[in-house]
1. Restricting attention to region 323-334, which residues are of a type outside the set (D, E, K, R), farther than 14 Å from Asp391 by Cα and either modelled with pLDDT of 95 or more or assigned to a helix (DSSP H, G or I) (or both)?
2. Does region 379-394 include one or more residues that are closer than 18 Å to Leu295 by Cβ, open to solvent by less than 20 Å² (accessible area, probe 1.4 Å), touching a helix residue (DSSP H, G or I) at 6+ places or on another chain (Cβ under 7 Å) and of a type outside the set (Gly, Ala, Ser)?
3. Given the criteria over 30 Å from Asn303 (Cβ atoms), aliphatic (A, V, I, L, M) and either at pLDDT 95 or above or open to solvent by less than 50 Å² (accessible area, probe 1.4 Å) (or both), does Ala362 qualify?
4. So how many residues does region 4-63 have that are assigned to a loop (DSSP other than H, G, I, E, B) and closer than 30 Å to Thr432 by Cα?
5. Taking the residues in region 6-49 that are within 15 Å of Gly110 (Cα to Cα) and charged (D, E, K, R) as candidates, determine which candidate is nearest to the chain's Cα centre (by Cα).
6. Going through Ser162, Ser185 one at a time, which residue ends up being in contact (Cβ under 8 Å) with a residue 40 or more places away in the chain, within 30 Å of Met397 (Cα to Cα) and open to solvent by 10 Å² or more (accessible area, probe 1.4 Å)?
7. Which one is least open to solvent (accessible area, probe 1.4 Å), of the residues in region 218-231 that are over 11 Å from Leu181 (Cα atoms) and of a type outside the set (Gly, Ala, Ser)?
8. Quick check on my filter: what residues within region 406-434 are under 30 Å from Glu384 (Cβ atoms), in contact (Cβ under 8 Å) with a residue 60 or more places away in the chain and touching a Ser or Thr at 6+ places or on another chain (Cβ under 7 Å)?
Amino acid sequence: MAQGAWIFLIPPFDGQDEHDHAFKAAAVARGDWGGAHDRVEVGRGALMAVPEDIVTAALPACEALPYTQRDDCNPSATLPDGQVLVATSFAPTHPAFYALVGTAALPFEGAAAGYAMRVAGSVLCTTMMVAAFAVIRRTSRTQWPATGFLLLLTPAMMYATSLPAPNGPEMAAGLLLWSTLLFGSTESAPAPRWVIAAGTTAAVLLATVRTIGPLWLGLCVLVAVMYHGVPWALERLRDRSLWPAYAVVVLAVMAGAAWTLLFSPNDPENESGPQFVGSAWPYMPSAGVVWLIQLVAAIPRRNSMVPISVYAVVLAAWTVMLCVACWRGHRAVRWSIAAIFVSTTGVSIALTVATYTEIGLAWQGRYSWPFVLGWLLLAAHSLERRRASGDLSALVMSGAVAAFSLTTSVVGVRSKLLARGVADASWTAPSTQLVALLTLSGVLLTVGALATLRVKQPVSARQDAADDAPALV
């Protein structure tokens, strides 16, 4: 329901690079699964065949962007079947996700097709988030896991998972993967087949939907080993019931790598914009602040801010969770969370410095969220292992933070959209009451489910010993 607020609020094709994603999805759904296409003469990306009604509907939002050029928004040619050739910067991107959202939009035309793509992407993300919730609750004995779950539902994540773009499913897949790595099994509750299938699905999606996904997948696994310890990893490597899942994931990683090598998606040399002069290093301190802000919210554009109170509340809640986890949680959690922060910063800086000449400071904090969100689940799992007190109070606090941040963001973005004006004159803004009600209802339902749908299981002495044992890091 919270995602539904964003689906209805953002004007057609006006999300972050949404027209580009919609063109790619429409072309893939009609059979264009290739990665090699003719470059545009004036614009970004390469040409793909798209229904003219979708290009026409996306024209106002596309032309309002400061970086688009002639061939990005207008047809370059009309094909005999009535489709038109138009540019999309995501032409070489892996087609699997786009096939799903594009196929869902086949019965629709124009703006309705764009909304159908949003709904399809949102359903996929919601399914993975619900699966993550189920995995977490299956082995939970306190409310700390629910607290961590609520604190990672940032406005940035809810917005991204409501658009027909791969970053949303990548975030949801990261959440599901972390959930299975941390909460998938215990000494007294081995992982059932559905949990194994959920973790495998998440890993496959991470390995395919975006170029950097395999890196996040590998880092998630490495940090999980650091946290649980080497014996935990060896035990699972010896478990033959998991070997088919490992094989599927390895094949997915190899297929994703092969696609990247063949078609070079996200290659900065493919960009046709202005070249940047100098070094990126002087900008790194300020860029780090921007990346942190973008983890919380950057809606609807990469540099668009929501009300400042949202950042203050979310970052304060994260700080409290971090301090409590380091003080009262399992000692391995400190090194594991530090590893996430250090490796994420290193990757962000390295990629920015390497591509600065071609695309400038293009890296965004949300790109790392599939990996970074793991620190909240690590903190929650550590407090769960210690059975630290105060979990009910923490659940109430996290629910209040989620309700405030998500509702304030959606209402604030609505006000900004009306203030700046929208290029698409046919769009009518939903009422403040509607978007606020949808968001609050979604949060309250989530909090209620997290608080009540818990599996209560006996805790054996052996499990207590396993929980308190130090990880080998």
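1. Going through region 323-334, the residues of a type outside the set (D, E, K, R) turn out to be 323-327, 329-330, 332-333.
Okay, now just the ones that are also farther than 14 Å from Asp391 by Cα, so 323, 326-327, 330, 332-333.
Within region 323-334, Cys323, Cys326, Trp327, Ala332, Val333 meet the criteria.
2. Initial filter on region 379-394 (closer than 18 Å to Leu295 by Cβ): 379-380.
After this cut, where a residue has to be open to solvent by less than 20 Å² (accessible area, probe 1.4 Å) as well, the list is 379-380.
The next check asks that each one be touching a helix residue (DSSP H, G or I) at 6+ places or on another chain (Cβ under 7 Å); those that pass are 379-380.
Next, only the ones that are of a type outside the set (Gly, Ala, Ser) stay: none.
No, the conditions are met nowhere in region 379-394.
3. On the way: over 30 Å from Asn303 (Cβ atoms): no; aliphatic (A, V, I, L, M): yes; either at pLDDT 95 or above or open to solvent by less than 50 Å² (accessible area, probe 1.4 Å) (or both): yes.
So Ala362 fails the test.
4. Of all residues in region 4-63, those assigned to a loop (DSSP other than H, G, I, E, B) come to 10-17, 30-38, 40-45, 51.
Filter once more, keeping what is closer than 30 Å to Thr432 by Cα: 10-17.
The number of residues fulfilling the criteria is 8.
5. Glu18
6. Values: Ser162 fails: open to solvent by 10 Å² or more (accessible area, probe 1.4 Å).
Every option except Ser185 fails the conditions.
7. Here is the first cut: in region 218-231, the residues over 11 Å from Leu181 (Cα atoms) are 218-219, 226, 229-231.
Then keep just the ones that are of a type outside the set (Gly, Ala, Ser); that gives 219, 226, 230-231.
Details: Leu219: 32, Met226: 65, Val230: 68, Pro231: 73 Å².
Here the answer is Leu219.
8. Looking only at region 406-434, we keep the residues that are under 30 Å from Glu384 (Cβ atoms), and these are 406-409.
In the following step, the residues that additionally are in contact (Cβ under 8 Å) with a residue 60 or more places away in the chain were identified as 406, 408-409.
Those that are under 30 Å from Glu384 (Cβ atoms), in contact (Cβ under 8 Å) with a residue 60 or more places away in the chain and touching a Ser or Thr at 6+ places or on another chain (Cβ under 7 Å): Leu406, Thr408.
The values are calculated or read from the model by the stated rules, or taken from the named source; none is laboratory data. Worth saying up front: this structure is predicted, and the values here are computed from it rather than measured. For neighbour counting, all protein chains shown are included, and Cβ atoms are generated from backbone atoms with ideal geometry for every residue, glycine included. Surface areas here come from the heavy atoms of the whole protein model, side chains and all, with no ligands, DNA or RNA. Shrake-Rupley method; radii C 1.70, N 1.55, O 1.52, S 1.80 Å.
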